[in-house]
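In what follows, a structure is listed as structure tokens, so that the remarks can point back to it.
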Amino acid sequence: MKIDLINQENSTVKSIDISDSVFKSEINDGLIHELVTAYRSNGRSATKAQKNRSRVSGGGAKPWRQKGTGRARAGTTRGPLWVGGGMAFATVDRNYNKKINKKAYKRAMQSIFSALIEEKRIVAIDSIKIDSPKTRLGVEVLNSLELDNALFIVSELESNLVLSLRNIPHIKVISVENVDPISLLTYERIVIDQEALNKLEGMFS
């Protein structure tokens, strides 16, 4: 399929061919949901933990004999009823990792890119150049492209571009190698330079 390629001044330069397998595949909502769920789950730190009675130190000796004291039977001082004891139903370390195989990952990413094309949210640009790291220059580029909520995917991260756009809300710049499903689905427009488009086709076709 073909898509218009624009320049930094928002003028159409030419039409270019893009891969049907990546940008015009059948959209599988179930796979997209599976990928997003796995990505979010794998990003969880899972560091919250509390000590149950087996993790609390001490309590090895029986506090008093079984019979004859008039007190309730007790085998340890580290049960949940005791001061300094373990917590009942304690939160323990968990592994939230979810595996998604390579074929399903590639198919899900193809579905995401195809949905973005269908919704006309992808903007192909020949290149983006900013002469110095100034937010004012970044705002000028955004105004020229008529963008206020966008993800820029570039073949190589240039410091001037990153520094000029990093303080602007709802704008993010990433390299093509760091493309992730959450960012693709979060931002209203996805601006991809021509070289990054070619790399994406190689990664997901």
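Let me confirm something: among G58, G68, which residue is free of Cβ contacts under 8 Å to residues at least 24 places away in the same chain, exposed (fewer than 12 other Cβ atoms within 10 Å of the Cβ) and not polar (S, T, N, Q)? Step through it out loud before you land on a result.
On the way: G58 fails: free of Cβ contacts under 8 Å to residues at least 24 places away in the same chain.
Result: G68 is the single residue among G58, G68 that is free of Cβ contacts under 8 Å to residues at least 24 places away in the same chain, exposed (fewer than 12 other Cβ atoms within 10 Å of the Cβ) and not polar (S, T, N, Q).
Among T91, T76, which is the only one that is surrounded by 11 or more Cβ atoms within 10 Å (Cβ to Cβ) and either part of a helix (DSSP H, G or I) or at pLDDT 90 or above (or both)?
Values: T91 fails: either part of a helix (DSSP H, G or I) or at pLDDT 90 or above (or both).
T76 is the lone residue from the list that is surrounded by 11 or more Cβ atoms within 10 Å (Cβ to Cβ) and either part of a helix (DSSP H, G or I) or at pLDDT 90 or above (or both).
Taking the conditions exactly as written (among the charged types (D, E, K, R) and assigned to a loop (DSSP other than H, G, I, E, B)), does R53 satisfy them or not?
Details: among the charged types (D, E, K, R): yes; assigned to a loop (DSSP other than H, G, I, E, B): yes.
Against the criterion (among the charged types (D, E, K, R) and assigned to a loop (DSSP other than H, G, I, E, B)), R53 qualifies.
When the residues of segment 71-110 are filtered to those that are of a type in the set (F, W, Y) and without any contact (Cβ under 8 Å) to a residue 60 or more places away in the chain, the one that is nearest to I32 (Cα to Cα) is Y96.
Can you pull out every residue in segment 147-168 that is more than 18 Å from the chain's Cα centre (by Cα) and more than 20 Å from Q194 (Cα to Cα)? Selection gives D148, L163, S164, N167, I168. Output the residues belonging to segment 194-205 that are more than 21 Å from the chain's Cα centre (by Cα) and either under 20 Å from V162 (Cα atoms) or acidic (D, E) (or both). Selection gives Q194, E195. Counting only residues that are in a loop (DSSP other than H, G, I, E, B) and in contact with an Asp or Glu (Cβ under 6 Å, 6 or more places away or on another chain), segment 94-127 holds 1 of them.
Kindly evaluate S144 against the criterion of being out of contact with any strand residue (DSSP E or B) (no Cβ under 8 Å at 6 or more places or on another chain), more than 30 Å from Q50 (Cα to Cα) and of a type in the set (S, T, Y). Yes: the conditions hold for S144.
You will find that of R53, R78, R94, the residue that is more than 30 Å from L116 (Cβ to Cβ), charged (D, E, K, R) and over 39 Å from the mean Cα position of the chain (by Cα) is R78 and no other.
With the structure loaded, tell me whether R44 is touching a Phe, Trp or Tyr at 6+ places or on another chain (Cβ under 9 Å), of a type in the set (K, R) and modelled with pLDDT under 90 or whether it fails that test.
Details: touching a Phe, Trp or Tyr at 6+ places or on another chain (Cβ under 9 Å): yes; of a type in the set (K, R): yes; modelled with pLDDT under 90: yes.
When the stated conditions are applied, R44 passes them.
The values are calculated or read from the model by the stated rules, or taken from the named source; none is laboratory data. Keep in mind the model is a prediction, meaning the values are calculated, not measured. We place every Cβ from the backbone using ideal geometry, glycine too, and count neighbours over all the protein chains shown.
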